[in-house]
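Asker: I have a structure I would like to understand better, so I am pasting it below and will then ask my questions one at a time.
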């Protein structure tokens, strides 16, 4: 059995999750579920970045001890995973003992190796990024990510010899599949070619929150160094069975704002530590409101829980995958949710199921005679094309192709007019439609899993695998249930 390991970025817990967090988790979930459909052994990791100074600052502003504040907010992120039906295999917290141990051990290994050394750092520090920026990184004197001025900071610090691994990272970047989409890879290539790739400050002085540097309790490990190690600590690096089975990550899924940290710094640290880098870093764009990035620092967040409560988890999941091409920014709006729900989910899919099951119950009391596969409807399904889109992470195109098959089934009903048919002719028509619906449940399962389960329940069938997406004798016993979706105004 082939393995597949997918990870998301881990989230700061200085505030409740917004819809951008939901987007990343859902898309990763769809990819994970797709690989399970293929029969692969999948490990899907998400979690929270808890050692960040911004978490401590937010706790102080709220008048709550940092540990209590972090524990409370982690609950919101775990709840979000449940609400969105995220099938993660583990939820990593970077305050876990095993993560702390792995972070300290790798730090010490790099220190003993000479790849981490002590010195002084002076530069412009962005509290939002929790990192130093150079003058050329700024836009109008501000951090382009958080739109805030930076603070000059000078402190004794530990440095990682990032410059030593420039050639190693360049070699990775030359692989066409290391960073996807290619535009995101080209951005990193352009930057690393024009950048001296200065050594990275990997410590912070006199903080009361974070992971202690081994042998130096007055200094904490830089949050970005500890955070990016969660992908191996969650697998019980170095001797855990999961690490041996699943590493390296097949897909490391992150937002474009942290591409540099994950595509340049992370691989360099892994190579220094003797750990193989991820196979593919998949970079997504931002969700926007009126063209502006959604973020806590900009104050334009959307609560994904409210959207789910109003429209349903599957509607939100469907919108994410259908509306936004991989790597591009996409606008999230209530109107788009309504349009997708009313037109594609309710009209196309919901009506298809309702029409077919109603005809079956009316004509055959729920029992379908053996039918003959109709090449007309079979040819409407291009499984290879769907698989190709999924392999290229073009989820929006895969969904469009699946929906093309759903619409073809609706046209098939209109053309065959089964309400005018009888006997064997009617049996053949309904058999083909039922088998088509069974196959549809398999294909939509990764995208809208609750809906797939509901359809299987009404068909009287069990969830299948990708290999089952072919017409065969129908073994279900259909029974009409509630409408899949309720339209909204």
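The values are calculated or read from the model by the stated rules, or taken from the named source; none is laboratory data. This one's a predicted model, so the numbers in the text were calculated from it and none came from an experiment. Positions of Cβ are generated from backbone atoms using ideal geometry, with glycine treated the same way; all protein chains shown enter the neighbour counts.
Asker: All but one of (1) more than 30 Å from residue 318 (Cβ to Cβ); (2) touching a strand residue (DSSP E or B) at 6+ places or on another chain (Cβ under 8 Å) hold for residue 179; state the number of the condition that does not hold.
Answerer: (1)
Asker: Among the candidates 277, 304, single out the residue that is crowded, with 17+ Cβ neighbours inside 10 Å and closer than 20 Å to residue 77 by Cβ.
Answerer: The conditions single out 304.
Asker: Just one of the numbered conditions (1) within 30 Å of the chain's Cα centre (by Cα); (2) part of a loop (DSSP other than H, G, I, E, B); (3) more than 22 Å from residue 317 (Cβ to Cβ) is not true of residue 476; which one?
Answerer: Here residue 476 clears every test but (1).
Asker: Further, regarding this structure: With the condition being farther than 16 Å from residue 223 by Cα and touching a residue at least 40 places away in the same chain (Cβ under 8 Å), I'd like the strands (runs of 3 or more DSSP E) fully within segment 84-149 carrying at least 2 qualifying residues.
Answerer: 90-93, 116-126
Asker: What is the number of the single condition among (1) surrounded by fewer than 22 Cβ atoms within 10 Å (Cβ to Cβ); (2) in contact (Cβ under 8 Å) with a residue 24 or more places away in the chain; (3) over 24 Å from residue 22 (Cβ atoms) that residue 54 does not meet?
Answerer: Tallying (1) surrounded by fewer than 22 Cβ atoms within 10 Å (Cβ to Cβ); (2) in contact (Cβ under 8 Å) with a residue 24 or more places away in the chain; (3) over 24 Å from residue 22 (Cβ atoms), residue 54 fails exactly one: (3).
Asker: Take the residues in segment 429-466 that are surrounded by fewer than 19 Cβ atoms within 10 Å (Cβ to Cβ) and over 26 Å from the mean Cα position of the chain (by Cα); name whichever of them is farthest from residue 357 (Cα to Cα).
Answerer: 462
Asker: Also, I was wondering about something else. Would you mind listing the helices (runs of 4 or more DSSP H) fully within segment 157-254 where at least 1 residues are surrounded by fewer than 16 Cβ atoms within 10 Å (Cβ to Cβ)?
Answerer: Helices (runs of 4 or more DSSP H) meeting the threshold: 166-173, 182-194, 241-246.
Asker: Give me a count of the residues in segment 329-364 that are touching a strand residue (DSSP E or B) at 6+ places or on another chain (Cβ under 9 Å) and either farther than 22 Å from residue 446 by Cβ or modelled with pLDDT of 95 or more (or both).
Answerer: Number satisfying all stated conditions: 3.
Asker: Okay, next question. Output the number of the condition that residue 130 fails; it satisfies all remaining conditions of (1) farther than 26 Å from residue 45 by Cβ; (2) surrounded by fewer than 20 Cβ atoms within 10 Å (Cβ to Cβ).
Answerer: Going through the list (1) farther than 26 Å from residue 45 by Cβ; (2) surrounded by fewer than 20 Cβ atoms within 10 Å (Cβ to Cβ), residue 130 breaks only (1).
Asker: Right, here's the next one. Test residue 145 against the stated conditions and say whether it is surrounded by 14 or more Cβ atoms within 10 Å (Cβ to Cβ), in contact with a strand residue (DSSP E or B) (Cβ under 8 Å, 6 or more places away or on another chain), closer than 25 Å to residue 47 by Cβ and modelled with pLDDT under 95.
Answerer: Yes: the conditions hold for residue 145.
Asker: With respect to residue 74, is the statement that it is out of contact with any helix residue (DSSP H, G or I) (no Cβ under 7 Å at 6 or more places or on another chain) and either outside any strand (DSSP E or B) or farther than 16 Å from residue 202 by Cα (or both) true?
Answerer: yes
Asker: Quick check on segment 286-299. Is at least one of its residues surrounded by fewer than 23 Cβ atoms within 10 Å (Cβ to Cβ), part of a loop (DSSP other than H, G, I, E, B) and without any contact (Cβ under 8 Å) to a residue 24 or more places away in the chain?
Answerer: Checked segment 286-299: at least one residue is surrounded by fewer than 23 Cβ atoms within 10 Å (Cβ to Cβ), part of a loop (DSSP other than H, G, I, E, B) and without any contact (Cβ under 8 Å) to a residue 24 or more places away in the chain.
Asker: The conditions are (1) touching a helix residue (DSSP H, G or I) at 6+ places or on another chain (Cβ under 8 Å); (2) at pLDDT below 95; (3) farther than 21 Å from residue 472 by Cβ, and residue 410 fails exactly one of them. Which is it?
Answerer: Checking residue 410 against (1) touching a helix residue (DSSP H, G or I) at 6+ places or on another chain (Cβ under 8 Å); (2) at pLDDT below 95; (3) farther than 21 Å from residue 472 by Cβ, the one that fails is (2).
Asker: Against the conditions (1) over 19 Å from the mean Cα position of the chain (by Cα); (2) in a helix (DSSP H, G or I); (3) closer than 28 Å to residue 36 by Cα, where does residue 358 fall short? Just the number, please.
Answerer: (3)
Asker: Looking only at residues in segment 375-386 that are in contact (Cβ under 8 Å) with a residue 12 or more places away in the chain and surrounded by fewer than 19 Cβ atoms within 10 Å (Cβ to Cβ), which one is nearest to residue 475 (Cα to Cα)?
Answerer: The residue in question is 378.
Asker: Sticking with this structure for a sec: Scan segment 41-65 for residues that are touching a strand residue (DSSP E or B) at 6+ places or on another chain (Cβ under 8 Å) and either in a strand (DSSP E or B) or modelled with pLDDT under 95 (or both) and report the count.
Answerer: Count: 13.
Asker: Looking only at segment 467-484, which residues are over 18 Å from residue 427 (Cβ atoms) and buried (at least 21 other Cβ atoms within 10 Å of the Cβ)?
Answerer: The answer is 484, and nothing else.
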